[in-house]
Amino acid sequence: MTSTPDDAAERHVPVLLQRCVDLLAPALGEPGSVLVDCTLGMGGHTEAVLEQVPTARVVGIDRDPEAIDRASRRLARFGDRFRAVHAVYDEIEDVVADVVGAPVQGVLMDLGVSSLQIDETERGFSYAHDAPLDMRMDPTVGLTAKDVLNTYDERALTRILRDYGEERFAQRIARAVVRRREQQPWERSADLVDLVRASIPAATRTTGGNPAKRTFQALRIEVNGELEVLERAVPAAVDVLAVGGRIVVESYHSLEDRIVKRVLAAGATISAPAGLPVVPEQDEPYLRLLTRGAEEAPAGERETNPRSASVRLRAAERTRPTPPHRRPSAARRSPAPGHRPTDRPHDPGETTR
């Protein structure tokens, strides 16, 4: 699909844009400082950093080839200050080693589905338009939502809808999904929207928007292994930070925010038993929290940018190296569902589709 830089800029409104830049900028003041934008999307956050922090370079990671293409076009004017890499962001350690070769000064994660993926109706992310049931962030590899609906048993479907979608009627929907596929395989998103609506009691359908929203969210998270990737990515992101470097994460789901909170809080906490007269150096915190809890978008932004309504932002600064006994296992990372670990850096001059 052909796109222009203006097209990318017009279609995406970054959430808490200035707040993210303000949190990251103090760590990016030295010439050659590097920010890793783990969720490049259409490049809105990266563009703001490159414009406002002239000393910074940005390495942008995204698993979606279309996002890489659009963002690369949009950011071409920054020349070698920007580099895009086609990868899943739990590969951040490998990307930093290959592209930068040293610890970095900033990491940004803006989690969840991007405006690009929602707007491209044929991708199947949106419950508002009929499309093939795909939902892959990298549409070249992995299971689709159709595969999940047609092959997972009722128990697995119930777990996904309950845990990832926080759907009260998960078992009822899962049972209906299995019953329907016995007659006709799943193919189209409109059929799933109709089934979810029919499976939920009428009295509960009057509020909260489209009743299929939670089901689509749950399928998207499962198809892309989003929580498993995040579990690996946040500790890895902390590990690649130089002392004085900062990490900023925007979450849109309680399960995402819980993962981020746990990792950052652990780094900002003394690990020694309580009551010791002197805390051993190896048990001192190695992170300093930059936000009090999770920050929300101000009312004005929530009114103008609906996607910001559920955002929770957390940030921290590395104060010293992570002690060896507090580092996560080196074996924590494995490829996301269907991901190709040999994906190479993308040349902004290439066309990926």
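The values are calculated or read from the model by the stated rules, or taken from the named source; none is laboratory data. The model shown is predicted, which means the values in this text are computed figures rather than measured ones. Backbone-built Cβ (ideal geometry, glycine too); neighbour counts: all protein chains shown.
Restricting attention to region 230-263, which residues are of a type in the set (A, V, I, L, M) and at pLDDT below 95? Working first, answer last.
Just the residues of region 230-263 that are of a type in the set (A, V, I, L, M), to begin with: 230, 233-234, 236-238, 240-243, 247-249, 255, 259-260, 263.
Hit for region 230-263 is Leu255, nothing else.
For region 171-192, enumerate the residues that are acidic (Asp, Glu) and closer than 14 Å to Thr151 by Cα. Give the derivation first.
Just the residues of region 171-192 that are acidic (Asp, Glu), to begin with: 182, 187, 191.
If the condition is that a residue be acidic (Asp, Glu) and closer than 14 Å to Thr151 by Cα, then Glu182, Glu187 are the ones that fit.
Answer with yes or no whether Asp94 is at pLDDT 95 or above and surrounded by fewer than 24 Cβ atoms within 10 Å (Cβ to Cβ). Talk me through it step by step, then tell me what you get.
Numbers: at pLDDT 95 or above: yes; surrounded by fewer than 24 Cβ atoms within 10 Å (Cβ to Cβ): yes.
So Asp94 passes the test.
Under the condition of being under 20 Å from Ala190 (Cα atoms) and of a type in the set (Ser, Thr, Tyr), which residue from region 128-151 is surrounded by the most Cβ atoms within 10 Å (Cβ to Cβ)?
Selected residue: Thr144.
Which fully enclosed strands (runs of 3 or more DSSP E) of region 32-105 have 2 or more residues being within 19 Å of Gly245 (Cα to Cα) and free of Cβ contacts under 8 Å to residues at least 40 places away in the same chain?
Numbers: elements: 33-37, 56-62, 82-86.
Once the strands (runs of 3 or more DSSP E) in region 32-105 are filtered for at least 2 residues that are within 19 Å of Gly245 (Cα to Cα) and free of Cβ contacts under 8 Å to residues at least 40 places away in the same chain, what remains is 56-62.
In region 217-328, which strands (runs of 3 or more DSSP E) lie fully inside it and hold 1 or more residues that are polar (S, T, N, Q) and in contact (Cβ under 8 Å) with a residue 12 or more places away in the chain? Don't jump to the end; show me each part of the working.
Values: elements: 241-251, 287-289, 312-318.
Result: 241-251.
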